[in-house]
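Presented below is the structure to which this report refers.
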Amino acid sequence: MQNQNRENSPRAQVASDANRLIADISKNSRETLRIQLTEFKGYELVNLRIWYRPDDGEELRPGNKGFTLRVEKLPELRAAIDKAIERARTDGLLP
């Protein structure tokens with residue numbers, strides 16, 4: 001039973017989710033936007049979260065900033081990001 005508790009611990013979940021890491025996008029010298037596919041209570045999710053590097057260590061830790069969507073919402077998210085890119089180009093913010 002003790003081994004099962006370890007597998008369900010937050011640290012075990014982070015280690016498991018690392019296997020489904022999609023991207024790390026540097027925000028600044030201390031923060032990274034991490035995109036992962038995760039599973040919670042039987043739901044497949046995409047997790048976009050800011051991870052930070054604490055002052056006392058080198059290992060990134062998940063922060064409170066971010067959001068999670070069901071995987072089925074990815075096409076809607078992509079459409080919204082495509083619109084944002086198009087608008088940024090129209091406004092001269094991107095080449």
Exercise for the section: Could you pull out the residue among 49, 70, 53, 78 that is within 16 Å of the chain's Cα centre (by Cα) and modelled with pLDDT under 95? Expected result: 53
Practice task
Please specify each residue of the range 44-71 satisfying the condition of being free of Cβ contacts under 8 Å to residues at least 12 places away in the same chain and either β-branched (Val, Ile, Thr) or surrounded by 10 or more Cβ atoms within 10 Å (Cβ to Cβ) (or both).
Solution key: 54, 61
Exercise for the section: Only residues in the range 80-92 that are under 27 Å from residue 69 (Cα atoms) count as the first member; pair them with residues that are surrounded by 11 or more Cβ atoms within 10 Å (Cβ to Cβ) and at pLDDT 95 or above, Cβ under 9 angstrom, at least 6 apart or cross-chain, and list the lot. Expected result: 85/94; 88/94
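The values are calculated or read from the model by the stated rules, or taken from the named source; none is laboratory data. Keep in mind that this is a model prediction, so the values were computed, not measured. We place every Cβ from the backbone using ideal geometry, glycine too, and count neighbours over all the protein chains shown.
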